[in-house]
Structures are given as C-alpha cells and as structure tokens.
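Below is one structure; the comments refer to it alone.
The values are calculated or read from the model by the stated rules, or taken from the named source; none is laboratory data. Everything quoted here is computed from the prediction, not taken from an experiment. Cβ placement follows ideal geometry from the backbone for every residue including glycine, while neighbour counts extend to all protein chains displayed.
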Amino acid sequence: MALAETLHLLAAVIWVGGMFFAVYVMRLAAGPMEPPERVALWGRAFKKFFPWVWMAVLIMPATGYYMVFEAFSGFKDLPIPYHVMHGIAWVMIALFLHLWFAPYNRFKRSLENDDVPEAGKNLNQIRIIVTTNLWLGLINIGLGALGSFIG
C-alpha cells in the first residue's frame, strides 16, 4: 500500500508540477522570444515532458485503483471526495489524450514543415488544455489531501 501511494503521489507531482511550471513559468519566460524560437523551445520541452506525463497517465490509475480496492474494498465504501477525484482524473486523462492526438500532433507537423503561425495556433490550444488540466490536477490534489477528513 505504501509503495502504491508513493508512486501515485510522485506521478501526480511530476504531472501537475510540470504543468504548473509550463503555464506559470516557462510560458511567461518564453513570451518575449520571437515566434520561431518560442515554438521550437516548446517543441523541445514537450519531447522531454510528455514521456513523463505518459508515465503518470499509466501509473496513477493503476495505483489509484489498487488503493481503492486494497484500502476500501472497492468503490462502495469510498469517501465521496475520492469518487469526485476519480472522475476528475479520467477527465484529465481524456484531455491529455485529446491534446496528444490532436493539437500536439498538429503542432509537431507544423514544426516539421516550418509553419510557425500554425504551430503557434496549436500551441495556444495546448496551453488552454494544459491550463485546464493544471487546475483540475490542483483540485484533485486538494481532494486527495483532504478526502479522508471531509469524506
């Protein structure tokens, strides 16, 4: 149980912390850059960050379900905040999958074709999804931390 919880928390820190860094640090730091340099930077950053997100997308549901069934014998006795957390988690995963297969795929193609305006357009769509997922992730962290106290 301790290993599952540790892996779950580490994956959440990596994913949500990475999104916080992207939205509130890197985006602002890259803002003054010229568009070709900015989209190239984001392309390199995404190549490094998204494998970690994929790891989180796989580890978090696996460890989450393990903890639900190990600690609570399933969903029947699960505190309500954890049910909400579960639903939000699947929304986050769905948003990431959409991001990966749609705007990020188009972003990569735009970079390969040196189409900076199109890459910028897709980068903005990615920003919106990442910002949404960041706030959903922060809510989930709060629910995870407070769930046993308010459930």
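What the table below lists for this structure:
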read-out	value
Candidate set from the range 48-103 (those that are among the hydroxyl-bearing types (Ser, Thr, Tyr) and in contact with a helix residue (DSSP H, G or I) (Cβ under 6 Å, 6 or more places away or on another chain)); member that is nearest to Leu143 (Cα to Cα)	Tyr82
Out of Gly18, Gly43, sole residue that is surrounded by 15 or more Cβ atoms within 10 Å (Cβ to Cβ), modelled with pLDDT of 95 or more and under 16 Å from the mean Cα position of the chain (by Cα)	Gly18
Residue identified as closer than 23 Å to Tyr24 by Cα and among the β-branched types (Val, Ile, Thr) among Val84, Val116, Val68	Val116
Residues satisfying the stated conditions in the range 117-151, i.e. more than 15 Å from the chain's Cα centre (by Cα) and crowded, with 18+ Cβ neighbours inside 10 Å	Ala119, Asn122, Leu123, Leu143, Gly144, Gly147
